[in-house]
Amino acid sequence: MKTLEASSDIIGIVDVIEQLCGIQVDDRKLYLLEHRFGELMREASFSNYAELARRAREDRELQQQIVERITTRETLFFRDGSPFQALQHKLLPEIIDARSTTRNPKRLRLWSAACSSGQEPYSLAITLRELLPDVDRWDIQILASDISSTAIAQAKQGAYSEHEISRGLSPAQLNRYFRKEGSLWRVNDNLRSMIRFEERNFLQPFTSVGMFDVVFCRNLAIYFSDTNRKDLFHRIANQMVDDGLLFIGAQEYHADMSQRYTMEQHCRATVYRPKKHFL
Ligand SMILES: C[S@@+](CC[C@H](N)C(=O)[O-])C[C@H]1O[C@@H](n2cnc3c(N)ncnc32)[C@H](O)[C@@H]1O
């Protein structure tokens, strides 16, 4: 296999990918290039990666195709279990208690940042419905964002195959929140109406995104460089209320996070709270 040092041809496209979406393709992942772009290269008759990189620098449509092909959108309902259990049994009841004497005691804002095809925000919506029997009287919004238009389109549709449904949902949840349509299972409107979906590139500033009580940003930063990962978690801290909660993926901790967050363990889940005072 070629190494990055050996091939300026490859360095060009690796740079373009990182500039477009932050995803790092290092030496160990170069096989991904052929796997993800081989077909595109043949269809568009690009003779090498240098040509793909050159064209991508000026062609927005090609940029979008590169993002769609390089992003890994693997996800499932209630991924890893413990973050959702910690929310339902401990952390959301605590937030609700803490808000009870404020001006907006029934307002909650959650963010599924890098939501992929929607399983994560729908799992959050189910968690809230199971916790709050009068949820429809609450002012709740879950923002679900992702760079991939394909992922956001599926998430908005809320229609899943038998295989996708079999990953993480209990039969009771399936019956309560989904209905069968042909070969797919479609999310009921009472879940979908709790979520706002948007395309967003997390390398760009979080303009007009709002402030959140709970942020899930899981299994995205693992693909980023150290610098981009650190910057991402710092910028997310700016979008969180004082006692807000951040959940990240198991291998995504960056030592620098300790400047902006304190770490806590609840129900076997690790959670980060933004510090009020930091240097
Ligand atoms: C592996 S999925 C994680 C889905 C979900 N959070 C989970 O943990 O199951 C990673 C997602 O990050 C999205 N992504 C990659 N780069 C991004 C960027 N720069 N901005 C926003 N989303 C991005 C991908 O499109 C993909 O859907």
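Read-outs: derived from the displayed coordinates by stated rules, not from any lab. No experiment lies behind these values; they were computed from the predicted model shown. When we count neighbours, we look across all protein chains shown, and the Cβ atoms used for this are built from the backbone with ideal geometry, even at glycine.
Residue by residue through the range 97-118, note down the ones that are in contact (Cβ under 8 Å) with a residue 24 or more places away in the chain and surrounded by fewer than 23 Cβ atoms within 10 Å (Cβ to Cβ). Spell out the reasoning first.
Pass one, the range 97-118, residues in contact (Cβ under 8 Å) with a residue 24 or more places away in the chain: 98, 104, 106-118.
Selection gives ALA98, ASN104, LYS106, ARG107, LEU108, ARG109.
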Given (1) within 12 Å of the ligand (Cβ to nearest atom); (2) more than 30 Å from THR102 (Cβ to Cβ); (3) buried (at least 17 other Cβ atoms within 10 Å of the Cβ), number of the condition ALA144 does not satisfy: (2)
Give me a count of the residues in the range 150-197 that are at negative phi, surrounded by 12 or more Cβ atoms within 10 Å (Cβ to Cβ) and within 16 Å of the ligand (Cβ to nearest atom). 17
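Looking only at residues that are hydrophobic (A, V, I, L, M, F, W, C) and over 19 Å from LEU124 (Cα atoms) in the range 198-224, which one is farthest from the ligand (Cβ to nearest atom)?
First pass over the range 198-224, keeping only residues hydrophobic (A, V, I, L, M, F, W, C): 202-203, 206, 209, 211-212, 214-217, 220-222, 224.
Applying the additional criterion that residues be over 19 Å from LEU124 (Cα atoms) yields 202-203, 206, 221-222, 224.
Details: PHE202: 3, LEU203: 5, PHE206: 11, ALA221: 9, ILE222: 8, PHE224: 8 Å.
Looking at residues that are hydrophobic (A, V, I, L, M, F, W, C) and over 19 Å from LEU124 (Cα atoms), I get PHE206.
Suppose we filter the range 21-59 for residues that are of a type in the set (Gly, Ala, Ser) and either within 16 Å of the ligand (Cβ to nearest atom) or surrounded by 16 or more Cβ atoms within 10 Å (Cβ to Cβ) (or both); how many remain?
First, pick out the residues of the range 21-59 that are of a type in the set (Gly, Ala, Ser): 22, 38, 44-45, 47, 50, 53, 56.
Still in the running and either within 16 Å of the ligand (Cβ to nearest atom) or surrounded by 16 or more Cβ atoms within 10 Å (Cβ to Cβ) (or both): 22, 50, 53, 56.
Summing the residues that are of a type in the set (Gly, Ala, Ser) and either within 16 Å of the ligand (Cβ to nearest atom) or surrounded by 16 or more Cβ atoms within 10 Å (Cβ to Cβ) (or both) in the range 21-59 gives 4.
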Just wondering, is there one or more residues in the range 46-68 that are within 30 Å of SER123 (Cβ to Cβ), in a loop (DSSP other than H, G, I, E, B) and under 19 Å from the mean Cα position of the chain (by Cα)? no
What pairs come up if the first residue lies in the range 19-42 and is more than 11 Å from ARG69 (Cα to Cα), the second is acidic (Asp, Glu) and within 14 Å of the ligand (Cβ to nearest atom), and their beta carbons are under 7 Å apart, counting only those six or more places apart or on different chains? GLN24/GLU18
